[in-house]
Each structure stands twice: as structure tokens, then as C-alpha cells.
1. In the neighborhood of Thr68, defined by Cβ-to-Cβ distances under 15 Å, what is the net charge if each Lys or Arg adds +1 and each Asp or Glu adds -1?
2. Give me the dipole magnitude in Debye, nearest 20, for the chain about the Cα centre, with unit charges on the beta carbon: positive for Lys and Arg, negative for Asp and Glu.
3. Write out the trypsin sites (Lys or Arg not before Pro) in the chain meeting two conditions: DSSP loop, and at most 15 other Cβ atoms within 10 Å of their Cβ.
4. How long are the semi-axes of the equivalent ellipsoid of region 3-69, defined as square roots of 5 times the Cα gyration tensor eigenvalues? Whole Å, largest first.
Amino acid sequence: MTLANITHGINGSTITLRWISINGSSTIDLSVMTPGSSSFNRVATINMNDESYSFVASRNGEYIFQFTPDN
């Protein structure tokens, strides 16, 4: 599965991720590396066709997201 056009928006402490799904997977695991961390932690398994997910940041800083499809 490939994700296309991954984008994000920020409103206060809420980070909304959006993507366009492409056939081949039904779910994706979403992991995040939070400020001060050196590893990714899975935060959700999402239906690929939802095409968006909102994450609430616990503090200021850089958040790095990793998308892993189920195939």
C-alpha cells in the first residue's frame, strides 16, 4: 500500500494528518516519535479509507509520524 499526498494541519495542540489511500491495504499502523524521544511508539491502527487521523500533542516540539500499511 502506498499513501499519497500526506499532509497535516495544526489547531492548538491537535495535529490532523490527512492522506489519499491507494488500493492494497485496509489498515495502517500510525507511530509517533515525540519531542525528546529516540524511538517510535504506535499510537493507533487506522482504517486506510478514513483518510485522516487527529492526534493531540502533549507538549510543544517536533513530532515525527510513521505510517505502516498492513501489507
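We did not get these values from a lab; they are worked out from the coordinates using the rules stated. Remember, it's a predicted structure, so these values are computed and weren't measured experimentally. Here the Cβ is made from the backbone with ideal geometry for all residues, glycine too, and neighbour counts use every protein chain on show.
1. Residues close to Thr68 contribute a combined charge of -1.
2. Values: 3 positive and 5 negative charges, 35 e Å.
It comes to approximately 160 debye.
3. Arg59
4. Each semi-axis is √(5λ); the values are 21, 14, 9 Å.
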